[in-house]
Every structure is written in C-alpha cells, then in structure tokens.
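Scroll down for the structure; my scribbles are underneath it.
The values are calculated or read from the model by the stated rules, or taken from the named source; none is laboratory data. Since the structure is predicted, the reported quantities are computational estimates derived from the model, not experimental observations. When we count neighbours, we look across all protein chains shown, and the Cβ atoms used for this are built from the backbone with ideal geometry, even at glycine. These area figures cover heavy atoms from the full protein model, side chains too; ligands, DNA and RNA do not enter into them. Shrake-Rupley method; radii C 1.70, N 1.55, O 1.52, S 1.80 Å.
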Amino acid sequence: MTIKNGGSEALAVYIEMSPDRYVLQPGEVMKISALLGGAPLSVIPGDTSVTVYAGNDSDPVVTINDELAKPDWNTQAGDSGPWSTRD
C-alpha cells in the first residue's frame, strides 16, 4: 500500500495494531508492506490523519521515500495515547 501526502500540512499516519504513528511531510511517499494473513487491509481517513489496519501483521515494514521508517510514537501497554481512557 502506498500513501502520498499531497497536502500542504504534515499528515499523521497511525498503523494498527499498536498503533505506531508516522508523520508524513508534504510531498513524502509512504509504503507499507504487511503480511495480511487473509485479513483485509483497511484505511480510515481523517482530517489530519489516516489510520491503517494492516491485516494480521502487528509489525509491517514501513518506508518513507524508500527509506526504512521508524515511528515517532508508540502506544505503551495499551493505556496511553490519543485513545486512552486513563486520566
């Protein structure tokens, strides 16, 4: 799967299952290589972000502009991040 940021602002890309966040700057191209294991790959767009469900692959290979990318943010033990219910 390929995602290109054609906008003028940074785009946050959350790749589930963890989720991991990658920030895609304007003009950058992200490629996601996932072992789907029969599960679907799905994409949910938002105003300033995109969430990708990479099938059954909990650690897909992600590149930005053909270079291996590392997330800038990881969910810690499922209880922090933008979806946390913990105060």
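With the stretch 14-53 as the region, which strands (runs of 3 or more DSSP E) entirely inside it contain at least 2 residues that are of a type in the set (S, T, Y) and under 19 Å from A69 (Cβ atoms)? Full working, then the answer.
Values: elements: 20-24, 29-33, 41-45.
Here the list is empty.
Suppose we filter S49, S8 for residues that are modelled with pLDDT of 90 or more and either crowded, with 16+ Cβ neighbours inside 10 Å or on the phi > 0 side of the Ramachandran plot (or both); which single one remains?
Working: S8 fails: either crowded, with 16+ Cβ neighbours inside 10 Å or on the phi > 0 side of the Ramachandran plot (or both).
Exactly one of S49, S8 is modelled with pLDDT of 90 or more and either crowded, with 16+ Cβ neighbours inside 10 Å or on the phi > 0 side of the Ramachandran plot (or both), namely S49.
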(message) Please determine whether any residue of the stretch 63-78 is open to solvent by less than 80 Å² (accessible area, probe 1.4 Å), modelled with pLDDT of 90 or more and not in a loop (DSSP other than H, G, I, E, B).
(response) yes
